[in-house]
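Have a look at the structure below before the remarks.
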Amino acid sequence: MLTGQQYLDSLNAGRTTYLHGRRVDDLLAETAFAVPAQAIAQGYDNCYSDADDAVNPYIFAPRSIEEMRSRTDVLTGMDM
């Protein structure tokens, strides 16, 4: 499981990205990428666990109404 910073660091690792026909070497220097990347990084940090078997809880379907509601609150707080 990645931390938010590890996720941000990974964005420029081994990718070639273009925006409006222009190559972007540093995604975080571009507002179009930086703003959503920061929001996603916050989500990583909110869910981070250093346990060996840790997984992001949002990759699994909720198993109860309460679980779905708790996720909705987090996502709404992230403006997603």
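What the Cβ-Cβ distance of ASP73 and SER49 gives, at R0 = 22 Å and to the nearest 0.05, is a FRET efficiency of 0.70. Kirkwood-type hydrodynamic radius, the stretch 4-77: 14.4 Å, calculated from all non-identical alpha-carbon pairs.
The long axis of helix 31-47 is offset from the longest Cα principal axis of the chain by roughly 30 degrees.
Positive-end ranking of ALA37, LEU8, LEU19 along the dipole of the stretch 4-77, with charges on Cβ about the Cα centre, is headed by LEU19.
Between amide H atoms placed 1.01 Å from N, distances below 5 Å from THR17 occur with VAL24, all of them 5 or more places distant or on a separate chain.
Here each label is just a point 7 Å from Cα along the line to Cβ, and for GLN5 and TYR18 those points are 3.5 nm apart. Taken about its Cα centre, the chain carries a charge dipole of roughly 380 debye when the Cβ of each Lys and Arg holds +1 and the Cβ of each Asp and Glu holds -1.
Mean separation of Cα pairs under 8 Å and 6 or more residues apart, divided by the residue count, gives the stretch 4-77 a relative contact order of 24 percent.
What the phi angles of the stretch 13-23 give under the Karplus curve with 6.51, -1.76 and 1.60, with θ = phi - 60°, is a coupling list of 8, x, 10, 10, 10, 10, 10, 6, x, 10, 5 Hz, glycine and proline written as x.
Bear in mind these aren't lab numbers, they're just calculated from the coordinates by the rules spelled out. Source: prediction; values computed, not measured. FYI the Cβ positions are ideal-geometry reconstructions off the backbone, even for glycines, and counts take in every protein chain you see.
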